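Notes follow once the structure below has been shown.
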DNA sequence: GATGAATGAGATTTCATTCAT
DNA sequence: AATGAATGAAATCTCATTCAT
């Protein structure tokens, strides 16, 4: 049943009924949010009877949790592999931007779900995502690298939390607000733009904190 | 962080029924999104009969538009006054961060509405907000200042769009993802942190693009 | 809105929607029990939209409570009026049998509801009914009359609780098991039989406890 | 009150799947009535798959019939042995009260099923139970004994049907309404109370119809 | 302007029953 | 004999909207 993960980590060819339901549900929740989603539509899309959904998941809410679970386990696998045997700060930062990019562009659904959960102050999703990120070791790695950089005077005496937060915002916050950015600065080739970011963001950030 | 109400462009002391409805509606839409919001609850909160809402606004959607309108007119007022006769790039950047901060923290509801609209690709709200931002002149000002900076070799030959976008992400994207950041880096005093950002962000960014 | 009570205490001509719903609901619950009853049928019978039922009562359970309430308030009025200015024990017993008879035959629905509630050990209905009966003063009156009868040796030294319980069983228990009795002893004229009981039961009981 | 299981006619140690299903079904039907009972719950309780129930019984209704059958065969065994060569009326009455007591208290479930069937005018269960009671010969015996009592003037000229019915109500009707009685007259020791009844009821009844 | 009552359409959920294995 | 998965039909409940007053 375990299958080799595709590049997106998304298991699209497993057609066990349960998987088919989760898949349809993800699409539906992504497109309409929780309340806007219709169990009927999810069922039809999955090619099953509505009752089947209640057989496998007990409620619409449960089904949503299952989708969130899947979305998160995906991001978990993504992050875990990247962690930390990067040679230096620059490589680590590149890794993060790349990972975030893949997360936000490669897994259709992660972004909208995250956006909506960000509007929900007591979101379990965010709790779990934060835990995943922390456990991946990336924030600690960055912090440590910056600290040693400061010690050897390669990096200025910046407020580390401000610096790391700013970097996260550049890396992941960008994707959240992308539709607004795209409206403000007409981006003609978004793919190239996203690709360029992978270099531009670490570059600006590193120069921003480096000693001169 | 507490601000004088009249300054927000939000007339909270007008007790006309219509205003009371819009106020409740805003709270409801902010808390539950469009589909999750209940006309009944809005009515009860406003202390009126449900039918009254249909008397004043013709539909739930209409009411939502009214709320969005209000939210946007607010952000418009916010941005309009600031425009651009700032002395230099650094001042301009500070102005932007400050404006964004006020926008996101000063008007309860702006953030959640924006988050949810960001999940909606054909959002009218984003169209209008982008227009407001563009019309405020700030992006053009920044761009121009960077361009002249490059010309006189004060600023490196960076990709301007990437730079401006990165700055925007740091400035406004941060607020969108704040609940996640707060979970990852335990921020004990968010008000002070937000205040510090007003200096830290332009500092990192400017150093990031300056020649050395 | 208050109207003169008919003989049954059942307000059948009040056609406010709420009343019509309760009336249909009573019929439905009586005929099918709680789980067997259908909100749809109740609505149709009351000539209203299903949603109307949820507008007036919040749930099916609530509606059931309302029916029970009505049934009980009815029995309450019934009993309250009869209380206790009966001249002697015999009159008091006749009063009880008459009241029980009216309750069980006059108010279509009391019996089935009571039967089903008797099968439910933690029934609120029974709690309330017991309270009504106790508060009517009848049990205390009977008990007191028997006690004084014993004192003056008109009545034998019987176990009073057993006696009163036995009488209650004869009076009200009979109606509960009537369908069984009717099957065992073919009763050709049930109305006359019920009428005769009003004398026969006190007669047997009184002779049963009298001294000789 | 605790009785030896084999005596009840209920084979509780037969672990065949079929028996386990009937046992769970009885508990379920007793607790929730027919419409309130859930096939799913019965299956789970019996430790089998829902489909198994449909394999053994064809439908929920069929299963209910099986339970009723079992309940009736039980009451049949209960009553069968007692028949009527009791020495005198008093002994016969005691026999009946004892039998009824055992019927109602000895077989968990008999009472609730009977109560609910009593609400159902065309109940097959009642038909069959009445037949069993009639066939046991007890009612005829009582009637005959009363008739001869009247002939020899040991018993008053009472309406025999009324008398027998009243006795039945005292004997069996009591159990039906017991939860109400217990609420009205706080009975602290129900076991003793039930035991005392076995003497009190025939005593009151006999004195009630005896000549003086 | 304002309300209580009403509604149609449709949402989520339940349940007895059957099918394929 | 036994199961997990599936289903059709229907149940309870919800909600934006309208009507009569």
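The values are calculated or read from the model by the stated rules, or taken from the named source; none is laboratory data. Keep in mind the model is a prediction, meaning the values are calculated, not measured. Counting neighbours? That spans all protein chains shown, and the Cβs are built from the backbone with ideal geometry, glycine included.
When we screen C:93, C:79 for residues that are touching a residue at least 60 places away in the same chain (Cβ under 8 Å), under 16 Å from the mean Cα position of the chain (by Cα) and outside any loop (DSSP other than H, G, I, E, B), the only hit is C:93. Of all residues in region D:189-201, those being in contact (Cβ under 8 Å) with a residue 40 or more places away in the chain and within 18 Å of the chain's Cα centre (by Cα) number 5.
Scan region C:140-149 and give yes if some residue there is facing chain D (nearest Cβ under 7 Å), in a helix (DSSP H, G or I) and under 22 Å from the mean Cα position of the chain (by Cα), otherwise no. No - not one qualifying residue is present in region C:140-149. Flag: residue B:122 matches the condition of being part of a loop (DSSP other than H, G, I, E, B) and out of contact with any helix residue (DSSP H, G or I) (no Cβ under 7 Å at 6 or more places or on another chain).
Scanning region B:54-68 for residues that are part of a helix (DSSP H, G or I) and within 10 Å of DNA strand F (Cβ to nearest atom), we see that the one that is surrounded by the most Cβ atoms within 10 Å (Cβ to Cβ) is B:63. A single member of B:209, B:133 is facing chain A (nearest Cβ under 7 Å), touching a strand residue (DSSP E or B) at 6+ places or on another chain (Cβ under 6 Å), buried (at least 21 other Cβ atoms within 10 Å of the Cβ) and in contact (Cβ under 8 Å) with a residue 24 or more places away in the chain, and it is B:209. Take residue A:21 and tell me if it is surrounded by 18 or more Cβ atoms within 10 Å (Cβ to Cβ), within 21 Å of residue B:119 (Cβ to Cβ), at pLDDT 95 or above and touching a helix residue (DSSP H, G or I) at 6+ places or on another chain (Cβ under 6 Å). So residue A:21 fails the test. Considering only residues in region A:27-48 that are within 11 Å of DNA strand E (Cβ to nearest atom) and outside any helix (DSSP H, G or I), the one that is nearest to residue A:119 (Cα to Cα) turns out to be A:37.
Restricting attention to region B:160-180, the residues being touching a residue at least 24 places away in the same chain (Cβ under 8 Å) and more than 7 Å from chain A (Cβ to nearest Cβ) number 3. Has region C:161-178 got at least one residue that is more than 18 Å from residue D:175 (Cβ to Cβ) and surrounded by fewer than 21 Cβ atoms within 10 Å (Cβ to Cβ)? Within region C:161-178, none of the residues are more than 18 Å from residue D:175 (Cβ to Cβ) and surrounded by fewer than 21 Cβ atoms within 10 Å (Cβ to Cβ). When region B:159-212 is filtered for residues that are outside any helix (DSSP H, G or I) and either within 19 Å of residue A:178 (Cα to Cα) or modelled with pLDDT of 95 or more (or both), only B:159 remains. Residue C:51 falls short on exactly one of the conditions (1) within 14 Å of chain D (Cβ to nearest Cβ); (2) within 14 Å of DNA strand F (Cβ to nearest atom), and that condition is (1). Among the residues of region A:97-113, those identified as surrounded by fewer than 21 Cβ atoms within 10 Å (Cβ to Cβ), more than 9 Å from the chain's Cα centre (by Cα) and within 11 Å of chain B (Cβ to nearest Cβ) are A:109, A:112. Scan region C:32-48 for residues that are touching a residue at least 60 places away in the same chain (Cβ under 8 Å) and more than 9 Å from DNA strand F (Cβ to nearest atom) and jot them down. Across region C:32-48, the qualifying residue is only C:33.
Scanning region A:182-197 for residues that are within 8 Å of chain B (Cβ to nearest Cβ) and closer than 28 Å to residue A:134 by Cβ yields one hit, A:197.
Of the candidates B:24, B:73, the single residue that is within 16 Å of DNA strand F (Cβ to nearest atom), more than 14 Å from chain A (Cβ to nearest Cβ), touching a residue at least 12 places away in the same chain (Cβ under 8 Å) and not in a loop (DSSP other than H, G, I, E, B) is B:24. Going through (1) facing another protein chain (nearest Cβ under 10 Å); (2) over 28 Å from residue B:77 (Cβ atoms) one by one, residue B:157 falls short only on (1).
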